[in-house]
1. Does region 281-309 hold any residues that are more than 26 Å from residue 199 (Cα to Cα), out of contact with any His (no Cβ under 9 Å at 6 or more places or on another chain) and among the polar types (S, T, N, Q), and which are they?
2. Within region 294-312, which residues are more than 23 Å from residue 260 (Cα to Cα) and exposed (fewer than 15 other Cβ atoms within 10 Å of the Cβ)?
3. Sort out which residues of region 284-313 are at pLDDT below 95 and of a type in the set (A, V, I, L, M, F, W, C), and write them in order of number.
4. Any idea which of (1) surrounded by fewer than 19 Cβ atoms within 10 Å (Cβ to Cβ); (2) within 22 Å of residue 189 (Cα to Cα); (3) modelled with pLDDT of 95 or more is the one residue 279 doesn't satisfy?
5. What are the residues in region 116-130 that are modelled with pLDDT of 90 or more, open to solvent by 40 Å² or more (accessible area, probe 1.4 Å) and among the polar types (S, T, N, Q), if any?
6. Suppose the filter is open to solvent by less than 50 Å² (accessible area, probe 1.4 Å), hydroxyl-bearing (Ser, Thr, Tyr) and at pLDDT 90 or above; does residue 316 pass it?
7. Just give me the residues in region 71-89 being open to solvent by less than 30 Å² (accessible area, probe 1.4 Å) and under 15 Å from residue 46 (Cα atoms), in sequence order.
8. Report yes if some residue within region 53-66 is open to solvent by less than 90 Å² (accessible area, probe 1.4 Å), in contact with a helix residue (DSSP H, G or I) (Cβ under 9 Å, 6 or more places away or on another chain), small (Gly, Ala, Ser) and modelled with pLDDT of 90 or more; otherwise report no.
Amino acid sequence: MNATAAPSPAPRRRRRPLSLAIALPIAVLILLVLFFMWWWDKEPEQFDPVQVTTAHMKEIGRPMSTGAVTTYTLIKSVDTLTDKRGGYLSNDKLPPGSIMDNMPNWEFGSLTASRDLVRALRNDFSRSQTQSTEDKSLGEADPLLNSPNDRWLFPSSESQYGKAVDDLNDYLGRLSDAEDGNAHFYARADNLADYLQTVSARLGSLSQRLSASVGQLKVDAAPNADVAANAGPAKAVYVKTPWNKIDDNFYEARGYTWTLLEQLKAIRHDFAPILRSKNADASLQQVIRELEESQKSLGSPVVLNGSPFGFFANHSLVMANYISRANAAIIDLRGLLGRG
């Protein structure tokens, strides 16, 4: 009698390891974060101040007036901070915004230029003399735009800047209202020269910080030292930007020059008569040309920091070159505006 063979046991199903079930969602999350970091890390496109202002004034049913282009360019620049890809990133507390540094530094540079212009509008452009009463809307927009750039609790940075835009829109509406004479814009040479002095100081500081990417000897007198104490030779201090701050300075400079370029294009329109009378329009055009060169796209995924005459490029020194040349042209422009 043949013995019946015992049936072979059914193969066991392999259970998915717990580690794989955990690793897969984490990998997907990391890929999503990296994708949005790449997608958001893009500088906004330039715009034509005169064209966008003309379209806006038609939309709100207001006529063009002196100062409208400069004011709306400021509004457009501030709106860009919240309307660009990814929105406003400087106050993000969660990834990917919290681990990005290029665009937040770009935002801070852009914001600095907008703060300078709103201060000039409040103190100079909107007032006929130092004893004149400041415009109420500009007086409210200035401190709002100077709110901390990294505040995420109420009130957030975006909400404060949005309120500043509302005040600027109110000023713009009254500026072009022929029946309401309490908003003004004085396109004078002295007002423009004062604003350009602030711009020149900003560009000079950025140029020095960018040049320090490769290290440099800085010769400077001690602060608050008397004449006798400075009788000897000045001491030279070696200054070099830490490696992790090089791209921060670069993108801050990119943000500042992006916004400044738009502002100067607007000023070229609003101050055209005074620029022509001072033979200064060519100097302003030279500043604009240098700033346009500084906004060319970066042909590298990272900010390179090669030696000054080395094999690899040094993007910080290239940016510093354009900024220094723009600053030199601004100094010449201020000299022309100061002549009778």
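1. Result: 307, single match.
2. Here is the first cut: in region 294-312, the ones more than 23 Å from residue 260 (Cα to Cα) are 300-302, 304-312.
If the condition is that a residue be more than 23 Å from residue 260 (Cα to Cα) and exposed (fewer than 15 other Cβ atoms within 10 Å of the Cβ), then 300, 301, 302, 307, 308, 309, 310, 311, 312 are the ones that fit.
3. Hits for region 284-313 are 298, 302, 303, 304, 309, 311, 312, 313.
4. The single condition residue 279 does not satisfy is (3).
5. Answer for region 116-130, where residues must be modelled with pLDDT of 90 or more, open to solvent by 40 Å² or more (accessible area, probe 1.4 Å) and among the polar types (S, T, N, Q): just 123.
6. Criteria met by residue 316.
7. Pass one, region 71-89, residues open to solvent by less than 30 Å² (accessible area, probe 1.4 Å): 71, 73-75, 77-78, 80-81, 84, 87-89.
Answer for region 71-89, where residues must be open to solvent by less than 30 Å² (accessible area, probe 1.4 Å) and under 15 Å from residue 46 (Cα atoms): 73, 74, 75, 77, 78, 80, 81, 84.
8. Among the residues of region 53-66, at least one is open to solvent by less than 90 Å² (accessible area, probe 1.4 Å), in contact with a helix residue (DSSP H, G or I) (Cβ under 9 Å, 6 or more places away or on another chain), small (Gly, Ala, Ser) and modelled with pLDDT of 90 or more, which makes the answer yes.
The values are calculated or read from the model by the stated rules, or taken from the named source; none is laboratory data. What you see is a predicted model, and the numbers here were worked out from it, not measured in a lab. FYI the Cβ positions are ideal-geometry reconstructions off the backbone, even for glycines, and counts take in every protein chain you see. Note: areas computed on protein heavy atoms with side chains; ligands, DNA, RNA excluded. Shrake-Rupley method; radii C 1.70, N 1.55, O 1.52, S 1.80 Å.
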